[in-house]
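One structure below.
The values are calculated or read from the model by the stated rules, or taken from the named source; none is laboratory data. Bear in mind that the values here come from a model prediction, so they are computed numbers and not experimental data. Cβ atoms come from the backbone with ideal geometry, glycine included; neighbour counts cover every protein chain shown. These area figures cover heavy atoms from the full protein model, side chains too; ligands, DNA and RNA do not enter into them. Shrake-Rupley method; radii C 1.70, N 1.55, O 1.52, S 1.80 Å.
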Amino acid sequence: MYDWANSAFATTVLAGFFPLFFKNYWNAGAADEWVTFRLGLTHSASSLFIFVLAPLLGTLADHCGLKKAFLSGFALLGAVTTALLYWVPEGAWLTAALLFTLGSIGFSGSLIFSDALLMNVARPHEYERVSAFGYALGYLGGGLLFALNVAMVLAPAAFGLSAQSQAVQLSFVMVGLWWALFTVPLMRHVQEHSRPREAGGYGWAATLRELVRTVRALRGMPAVWMFLLAYWLYIDGADTVIRMAVNFGQSLGFLDGSLIVALLMVQFVGFPAALAFGYLGQRWGAKPAVLLAIGVYVGVTVWAYFLQNVMQFYAMALVIALVQG
């Protein structure tokens, strides 16, 4: 259910309305290249913060049984700062960027602990299926709220709103509420398991020592370092596509409505595709399934260089939807 909760941010805010609103409302009149630069810088700032803090937070949460506490803290940070975007005035791109950065930190930070809790709710042979089901629910839940938000933007009067801009602003509040509300089932019903506390406790100093011991132990495990490096490289490529897709479409001159249609397509194709990859993971193993997805993604990014019209953009979105989850 937490995938259902946080995916509202991933769809309505991260991939959907924030890039559009950032360009058209908070950066009104700014040159396209400056908008792209500012948006990319905003994404990079949140990623860098998580990169630096994640190992420490993960180690601390592991030993103190604080996964749920950290998850709820990051989720609350993300939900509140996302809702606060409603009150950012036109042209205030720096304030919007700051709140979005905090929201992205909340989103990415919470995922660390959500992923860690997988071992509490599934046995090893169930990991692929349960993980894929979570991603599928994320596509479905995020897609449903996004579809409602799109309807509000296309027909604001039908929802008692005065303008499309007000509909987008209200969508940010709805995402915050959705995110907070559907985090509650995890907090209430998932039981967290932690290792016994060792002598000396697990404050920040002890956590740092534990992290150093872990890094030293990993020196003799080259496969682990190769895995982490490979994952970092390919997931950053995938995340860049997700976060910059709308800005890319805008730069090619595609209409905002066409970009929204492509995003909706990704959500509802991604739902059964994620379930299918869970099945492939169980049949083939996780590694072949991941390599298949990466191969398709590599082909898509090369294809994007030659993209010329909106129908090709739709086709590219469809192919991405098949492998993204």
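Select from Met221, Ser162, Gly249 the residue farthest towards the positive end of the dipole of the chain; place +1 on Cβ of Lys and Arg, -1 on Cβ of Asp and Glu, and compute about the Cα centre.
Met221
Are there any chymotrypsin sites (Phe, Trp or Tyr not before Pro) in the stretch 235-323 that are in a DSSP loop and have at most 11 other Cβ atoms within 10 Å? List them by number. Kindly include the intermediate steps, with their values, before the conclusion.
Working: sites: Phe248, Phe254, Phe268, Phe277, Tyr279, Trp284, Tyr297, Trp303, Tyr305, Phe306, Phe313, Tyr314; in loops: Phe254, Phe306.
Those that pass, being in a loop and sparsely packed, are Phe306.
For the chain, report the accessible area per residue in Å² (1.4 Å probe, heavy atoms, rounded to an integer).
Numbers: 16330 Å² over 325 residues.
Normalised by residue count, the accessible surface of the chain is 50 Å².
Tabulate in residue order the Karplus-calculated ³J(HN,Hα) for the stretch 47-62, using 6.51 cos²θ - 1.76 cosθ + 1.60 with θ = phi - 60°, rounded to whole Hz; enter x for Gly and Pro.
5, 5, 4, 5, 4, 6, 8, 4, x, 5, 5, x, 5, 4, 5, 4
On alpha carbon coordinates alone, what is the Rg over Rh value for the chain, Rh being the Kirkwood radius?
Rg/Rh: 0.97.
If you fit an axis through the alpha-carbon atoms of helix 310-323 and take the longest principal axis of the Cα set of the chain, what angle between them do you get, 0 to 90°, nearest 10?
Helix 310-323 and the main axis of the chain meet at about 20 degrees.
Sum up the charges of everything whose Cβ sits under 15 Å from the Cβ of Ala10, counting Lys and Arg as +1 and Asp and Glu as -1, but leave Ala10 out. Provide the component values of the computation, followed by the final result.
Numbers: positive: Arg243; negative: Asp3, Asp115, Asp239.
Here the charged neighbours net out to -2.
Determine, at each q value in 0.13, 0.16 (inverse angstroms), the log₁₀ of I(q)/I(0) that the Debye formula gives when each Cα of the stretch 111-243 is one equal point scatterer.
Computed log10 I(q)/I(0) values: -0.90, -1.14.
What's the Kirkwood radius of the stretch 67-186 in Å, using all Cα pairs? The partial results should precede the final answer.
Working: mean 1/r = 0.0635 Å⁻¹.
Averaging 1/r across every pair of different Cα atoms and inverting gives 15.7 Å.
Explain nothing, just compute: Karplus ³J(HN,Hα) = 6.51 cos²θ - 1.76 cosθ + 1.60, θ = phi - 60°, for every residue of the stretch 137-142 in order, whole Hz, x for Gly and Pro.
4, x, 4, 5, x, x
Taking amide H positions as placed 1.01 Å from N in the peptide plane, with prolines and chain starts having none, which residues 5 or more places from Gly65, or on another chain, fall under 5 Å of its amide H?
Under 5 Å from the amide H of Gly65 lie the amide H atoms of Arg195, each far enough along the sequence or on another chain.
Nearest 10 degrees is fine. How inclined is helix 256-284 to the longest principal axis of the chain, computing both from alpha carbons?
In the chain, helix 256-284 runs at an angle near 30 degrees to the longest axis.
I need the per residue convex hull volume for the stretch 94-149, using only the alpha carbons, in cubic angstrom as a whole number.
Numbers: hull volume 4.4 nm³, N = 56.
Dividing the Cα hull volume of the stretch 94-149 by its residues yields 79 Å³.
Express the Stokes-Einstein translational diffusion coefficient of the stretch 275-325 in µm² s⁻¹, to the nearest whole number, given a Kirkwood radius over alpha-carbon pairs, 10 °C and a viscosity of 1.306 mPa s.
Approximately 136 µm²/s, per Stokes-Einstein.
At a 1.4 Å probe, what is the % contribution of carbon and sulfur to the accessible area of the stretch 20-78? Please list the in-between numbers first.
On the way: 1870 of 2610 Å².
Within the stretch 20-78, the accessible surface is 72 percent carbon and sulfur.
Using helices alone, what [θ] at 222 nm do you get for the chain, with -39,500 (n - 2.57) per DSSP H run of 4 or more residues, divided over all residues and rounded to the nearest 500?
Value at 222 nm, helices only, nearest 500: -26000 deg cm²/dmol.
From the phi angles alone, apply the Karplus equation (6.51, -1.76, 1.60; θ = phi - 60°) to the stretch 69-79 and give each ³J(HN,Hα) in whole Hz, x where the residue is Gly or Pro.
For the stretch 69-79, the Karplus-derived couplings read 5, 5, 4, 5, x, 5, 4, 5, 4, x, 5 Hz, x marking Gly and Pro.
Can you tell me the orientation of helix 93-116 relative to the chain, as the angle in degrees between its alpha-carbon axis and the longest Cα principal axis, to the nearest 10?
Taking Cα atoms only, the helix is inclined about 40 degrees.
Scan around Gly91 for amide H atoms under 5 Å from its own, H built in the peptide plane at 1.01 Å from N, and keep only partners 5 or more places away or cross-chain.
Trp26, Asn27, Ala28
Taking a ≥ b ≥ c as the square roots of the eigenvalues of the Cα gyration tensor of the stretch 42-109, is the shape rounded (a/c under 1.5), prolate (a/b larger than b/c) or oblate?
Numbers: a/c = 5.20, a/b = 1.95, b/c = 2.66.
Cα axes put the stretch 42-109 in the oblate bin.
So, taking all protein chains as they sit and a 1.4 Å probe, how much accessible area belongs to Asp239, in Å² rounded to tens?
Using a 1.4 Å probe on the heavy atoms, I get roughly 50 Å².
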